[in-house]
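The next block holds one structure in the form of structure tokens; read it before the comments.
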Amino acid sequence: MVEDKNSVVAFLGPEASYTHQATLSSFPSPNYTLLPLPTISDVFASVQSGSATHGVVPFENSSNGSVVFTLDLFADKESKYQDILVQGEAYVGVVHCLLGREEGWAPRDAGDWDLLGKEIIQQERGGGGGGGGGGVNHHDARAGGLASVIESPTSSGTSTPKANQSNLQHTASLPVHLPSNPPVSSTPSPSPSLTHITKLYSHPQAWGQCTRFLSSTSRLKSTERQDVSSTSRAAQLVAEDRTGRSAAISSKIAAGRFGLTVLKEGIEDRKDNVTRFLVLGKRSKKEEEEATAKEQDAVPEGATASEEAKEMAKNVENSVYHDYYRTPDQEQQRRPAAAASLSPPATSTYKTLLTFTISHANPGALASSLSVFSKHGLNLTSINTRPSGVENWNYIFFVEFQGRREEGGRGKVNEALRELGEACTAWRWLGSWESAQS
């Protein structure tokens, strides 16, 4: 991927989120401006509109499964994100902590509280001392302010970006250089009391990753839980709580970022807890022009002027997502990027994500669709479903498999997709990328 000093990478903020950590590992160059956003849908929208060149979103967790917010955005039932493609992935080891204030805590004085409040407010408004364009350059975090407009505590979402596929790495601990903290200790007493905690904040995925701790801690079993858009947003809300009676499930990095105490570290159910993030991109203007040229060149040789006009009208009609999905031939016209960027042969070092729909009234339709991949030697690695939105109990199927589309419609992946078009109602290719797994 060619670096551009104007490249903007959108991710689910605020700073210190796990998505932020994945973004830093994927886009290490100072040429990228990192843009924290409140929700996953904001990341999708920023990439689709072109205000961000890349986006990173959480896709699945090793112990708690898929992130349904992200799946629903890929389903794109309202055809808002027609040009979004997956271009890479990143893995981040997740060590959850309970962050908050120790019992009896109070701001040292009004000045300390004002310092914390002013710092958070300044960041939310995109201040912070000179960061241009509303983004954050992580190589000089002191000079960049948060450009995110923080959502209400009831909203949910997530996101994360990546730049160079060769820089994608599976990492359990990342060096994150963040601004200095307010004068608040982050070192807990040996066994801090939790009896004063009356409210917990975190991202919905985090609850499912910390079930043992939450169920075995008597004080927290019945404590009110509030879903928020990210674990770092949870830490930010606790930092803003002057009563000191709330806590967040978040990261140790977030504790340092927002000046909180780590009340309990390593509260996740599994110590091999990992979240996978997908890097989003958009097909380029050049690719759109190539698509238009390809449609115009598709007029049959010897067609009359009237026939040519009809053919072009049909092509224009086919270029619009009426039902979000496309037939295989329409999909190939729609996304010439598959031919432009996928030249190496399909191997297990690459992954592909696609969606398809079936006729639920047709016995064996799902089995027939899935058998296509086995027939062509493609290893399915995951299957997900989301409601289709067409009628109750109809679904969009998500499948991920090893392999990639090749140039010119060659290779077993393209062969499988052509055959899939005969077995299912419609399908959509969401991208092929190099695996970040060792």
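Of all residues in region 234-288, those satisfying the criterion of being touching a His at 6+ places or on another chain (Cβ under 8 Å) and either over 30 Å from residue 434 (Cα atoms) or open to solvent by 20 Å² or more (accessible area, probe 1.4 Å) (or both) are 234, 244, 245, 249, 266, 267, 274.
List, please: which pairs have Cβ atoms under 9 Å, are six or more places apart or on different chains, and start with a residue in region 374-390 that is assigned by TED's automatic domain parsing to the domain that holds residue 416 and end with one that is in a strand (DSSP E or B) and open to solvent by 80 Å² or more (accessible area, probe 1.4 Å)? Once the first residue is assigned by TED's automatic domain parsing to the domain that holds residue 416 and sits in region 374-390, no partner that is in a strand (DSSP E or B) and open to solvent by 80 Å² or more (accessible area, probe 1.4 Å) comes close enough. Residues that are open to solvent by less than 20 Å² (accessible area, probe 1.4 Å), over 17 Å from the mean Cα position of the chain (by Cα) and of a type in the set (A, V, I, L, M) within region 413-438 comprise 413, 416, 417, 420, 426, listed in sequence order. Evaluation of residue 201 against the conditions (1) surrounded by fewer than 24 Cβ atoms within 10 Å (Cβ to Cβ); (2) assigned to a strand (DSSP E or B) shows that the sole unmet condition is (1).
Within the set 83, 76, the sole residue that is buried (at least 20 other Cβ atoms within 10 Å of the Cβ), charged (D, E, K, R), at pLDDT 85 or above and under 30 Å from residue 357 (Cβ atoms) turns out to be 76.
Selection of region 391-412 for residues being over 25 Å from the mean Cα position of the chain (by Cα) and among the aliphatic types (A, V, I, L, M) yields an empty set. Name every residue in region 57-101 that is touching a residue at least 60 places away in the same chain (Cβ under 8 Å) and assigned to a helix (DSSP H, G or I), in order of residue number. Hits for region 57-101 are 68, 69, 70, 71, 72, 74, 75. Take residue 59 and tell me if it is more than 22 Å from residue 255 (Cα to Cα), within 12 Å of the chain's Cα centre (by Cα) and at pLDDT 95 or above. So residue 59 passes the test. Only one entry in 52, 45 is more than 29 Å from residue 207 (Cα to Cα) and either more than 14 Å from the chain's Cα centre (by Cα) or surrounded by 18 or more Cβ atoms within 10 Å (Cβ to Cβ) (or both), namely 52. Taking the conditions (1) over 18 Å from residue 271 (Cβ atoms); (2) touching a residue at least 12 places away in the same chain (Cβ under 8 Å) in turn, residue 218 satisfies each one other than (2). Exactly one residue out of 410, 404 is basic (Lys, Arg), open to solvent by less than 80 Å² (accessible area, probe 1.4 Å) and not assigned by TED's automatic domain parsing to the domain that holds residue 73: that is 404.
Filtering region 15-42 to residues that are farther than 26 Å from residue 437 by Cβ and within 14 Å of the chain's Cα centre (by Cα) leaves 35, 36, 37, 38, 39, 41, 42. Taken together, the criteria place residue 369 among residues that are more than 26 Å from residue 62 (Cα to Cα), surrounded by 17 or more Cβ atoms within 10 Å (Cβ to Cβ), polar (S, T, N, Q) and modelled with pLDDT of 50 or more.
Confirm whether residue 68 is within 19 Å of residue 428 (Cβ to Cβ), outside the structural domain of residue 357 (by TED's automatic domain parsing) and either surrounded by fewer than 22 Cβ atoms within 10 Å (Cβ to Cβ) or modelled with pLDDT of 95 or more (or both). Here the answer is yes, as residue 68 does meet what is asked.
The values are calculated or read from the model by the stated rules, or taken from the named source; none is laboratory data. Because the structure is predicted, anything quoted here is derived from the model rather than measured. A quick note on method: Cβ atoms are made from the backbone with ideal geometry, for glycine too, and the neighbour counts reach across all protein chains shown. SASA here: full protein model, heavy atoms, side chains in, ligands and nucleic acids out. Shrake-Rupley method; radii C 1.70, N 1.55, O 1.52, S 1.80 Å.
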